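Enquirer: Below are the structure tokens for one structure; questions will follow.
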Amino acid sequence: MFDPITHAVPFFIALVLAEMLVARLRDRRRYCPRDTLTSLMLGFGSTVAGALSAGAVFWLAMQVWQLAPVHIPYTWWAWALCFVLDDLAYYAFHRSAHRVRWFWASHVIHHSSQHYNLSTALRQTWTGFFSAAFVFRLPLFLLGFPPAMVFVCGGINLIYQFWIHTEVIDRMPRWFEAVMNTPSHHRVHHATNPRYLDRNYAGVFIVWDKLFGSFVAERPDDRPRYGIVRNLGSFNILWAAFHEWVGIARDIVSARGWRSHLGYLFGPPGWTPDGSRDTSDSIRARWLAQGGGVS
Amino acid sequence: MAGSAAERRDMRRARRHRRLVGAGGAMNPWVLLGSLAGVLGLAAVARLLGLGGGRIADAAEACRLAEAHVSGFVAGQGIASLDGQAALVLAAAGPPVVLKVHGAQPAARKLPEHFRINIVNNTIIIETGDRPFGAVILTLADAAAARDTADILVSSGGTPCV
């Protein structure tokens, strides 16, 4: 299948190099060689995992597409509509990937770097197929969009998201910031500051966050701190890829009762039966109680 | 020859579809090797450019970082390692937090109720109980400072290794 991401790889490499040069001139801490290697190796592993599961995903997509009451043709309007709807499906997936531990276990890999640069964009999941992230695209096939069209749109969507993983660009023009996902909006998404936690899920169009109440603007007085609530403190790529799955397995083994099992699997990350761990909501609530939201 | 304009359009669409669908998800080994070379090359460039760094400047910064990284933590006294690569922050109430520079950024752990410490001359090695995170090594001014800090840690749940 035509894969736009493969064709974009030379541009990815060129832009990472350019950003490294800027980091050398402005702030060397924007990159760390070991973190970069970890991110890129995780991206490499993700490519391999994606290739191994691509056939099964495409087969499944074809099966669902054949159930569609109409088959949408390859026309310009179908491409445009498919791109917009695929981005909406991405929003739904991405929101779930932060709010449901099962999907978070797969997605956390992308957030596990404490750096925010173009190499972070390539730090991608190894377990997307296992977590069944593809289910969020199934409605598009049921609507009749050809699987190849949907996957090409998804590839373009991912390519778009590459350039927004940077601190080099401060703000884009106002009209662009209003409609599109930008480096500023996505820095918020990668931040662990209580104000920013679990916000700005958009892929390409930030309007989804504004529409569904998950948008927060970046503020100059609250500089983003990147990473996850409990940072790994390790460059071990296997640990980065699987640590949340290990955590789920440990919790499931020690859990008692079906409610606990379901909570550990499908509750928000950090959920426990006794509330002894932090979730995004509890962190934000504590911060608000301490007067954090005032100003 | 295809007849009507509609038929020609359908054939064009079918060709486009075939191009898009292509050969499924097969992966070219040369692309794989090229990607791996690119990965290693970029990491090498980052090293050659001298990127990275990062340090915890002093006790005040350690306290600020601990409060930022551990939700609800209220810092009391901070002790920064002389090499700027680690710090210990005692809580106003509850277990202390340790910090280490990971990459170019600080990473934090609240210490468990019981933890182990090891004193070697002017350094204290604090086991965080989190194997992937590892131990945090504080380098202090001298052996006396290390002993004083160890005493504080023992009162916070630390057990010295014999």
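Enquirer: Mind listing just one residue for me: the one in segment B:1-33 that is within 7 Å of chain A (Cβ to nearest Cβ) and out of contact with any helix residue (DSSP H, G or I) (no Cβ under 8 Å at 6 or more places or on another chain) and, of those, modelled with the lowest pLDDT?
Expert: B:GLY22
Enquirer: List the number of the failed condition for A:HIS185; all other conditions in (1) under 28 Å from A:CYS153 (Cα atoms); (2) outside any helix (DSSP H, G or I) hold.
Expert: Just one mismatch for A:HIS185, condition (2).
Enquirer: Is it true that B:GLY72 is in a loop (DSSP other than H, G, I, E, B), farther than 21 Å from B:GLY52 by Cβ and either of a type in the set (A, V, I, L, M) or in the same structural domain as B:ALA144 (by TED's automatic domain parsing) (or both)?
Expert: Answer is yes for this residue.
Enquirer: In segment A:38-61, is there at least one residue being more than 30 Å from A:GLY270 (Cα to Cα) and more than 10 Å from every other protein chain (Cβ to nearest Cβ)?
Expert: The answer is yes; a qualifying residue exists.
Enquirer: Can you tell me which of A:PRO173, A:PRO194 is touching a Lys or Arg at 6+ places or on another chain (Cβ under 6 Å), more than 18 Å from A:ALA92 (Cα to Cα), assigned by TED's automatic domain parsing to the domain that holds A:LEU122 and not small (Gly, Ala, Ser)?
Expert: A:PRO194
Enquirer: Further question: Report yes if some residue within segment A:155-170 is surrounded by 17 or more Cβ atoms within 10 Å (Cβ to Cβ), touching a strand residue (DSSP E or B) at 6+ places or on another chain (Cβ under 6 Å) and closer than 24 Å to A:ILE5 by Cβ; otherwise report no.
Expert: No, because not a single residue in segment A:155-170 is surrounded by 17 or more Cβ atoms within 10 Å (Cβ to Cβ), touching a strand residue (DSSP E or B) at 6+ places or on another chain (Cβ under 6 Å) and closer than 24 Å to A:ILE5 by Cβ.
Enquirer: While we're looking at this one, here's another question. Take the conditions surrounded by 16 or more Cβ atoms within 10 Å (Cβ to Cβ), outside any helix (DSSP H, G or I), at pLDDT 95 or above and of a type in the set (Phe, Trp, Tyr) and apply them to A:TRP104. Does it pass?
Expert: no
Enquirer: Something else: Go over the candidates B:LEU65, B:LEU99, B:LEU36, B:LEU42 one by one and state the one that is in a strand (DSSP E or B) and within 11 Å of chain A (Cβ to nearest Cβ).
Expert: B:LEU99
Enquirer: If we keep just the residues of segment A:247-295 that are of a type in the set (Ser, Thr, Tyr) and assigned to a loop (DSSP other than H, G, I, E, B), which is surrounded by the most Cβ atoms within 10 Å (Cβ to Cβ)?
Expert: A:THR279
Enquirer: Could you grab me the full set of residues in segment A:237-255 that are facing chain B (nearest Cβ under 8 Å) and touching a residue at least 40 places away in the same chain (Cβ under 8 Å)?
Expert: A:HIS243
Enquirer: Assuming B:ALA145 fulfils every condition listed in (1) in a strand (DSSP E or B); (2) farther than 27 Å from A:ILE237 by Cβ apart from one, which condition is it?
Expert: With (1) in a strand (DSSP E or B); (2) farther than 27 Å from A:ILE237 by Cβ applied to B:ALA145, the lone miss is (1).
Enquirer: Among the residues of segment B:104-161, what is the count of those that are at pLDDT below 90 and among the small types (Gly, Ala, Ser)?
Expert: 4
Enquirer: Being modelled with pLDDT of 95 or more and within 14 Å of another protein chain (Cβ to nearest Cβ) is the requirement here; does A:PRO69 meet it?
Expert: The answer is no for A:PRO69.
Enquirer: Applying the selection to segment A:47-77, what residues are in a loop (DSSP other than H, G, I, E, B) and either touching a Ser or Thr at 6+ places or on another chain (Cβ under 6 Å) or surrounded by 18 or more Cβ atoms within 10 Å (Cβ to Cβ) (or both)?
Expert: A:ILE72, A:TYR74
Enquirer: Can we say A:PRO139 is touching a residue at least 12 places away in the same chain (Cβ under 8 Å) and either outside any helix (DSSP H, G or I) or surrounded by fewer than 19 Cβ atoms within 10 Å (Cβ to Cβ) (or both)?
Expert: When the stated conditions are applied, A:PRO139 passes them.
Enquirer: Considering only residues that are surrounded by fewer than 16 Cβ atoms within 10 Å (Cβ to Cβ) and outside any helix (DSSP H, G or I), look in segment A:1-46 and name the one that is nearest to the chain's Cα centre (by Cα).
Expert: The qualifying residue nearest to the chain's Cα centre (by Cα) is A:PHE2.
The values are calculated or read from the model by the stated rules, or taken from the named source; none is laboratory data. None of these values were measured; they are calculated from a predicted model. Cβ atoms come from the backbone with ideal geometry, glycine included; neighbour counts cover every protein chain shown.
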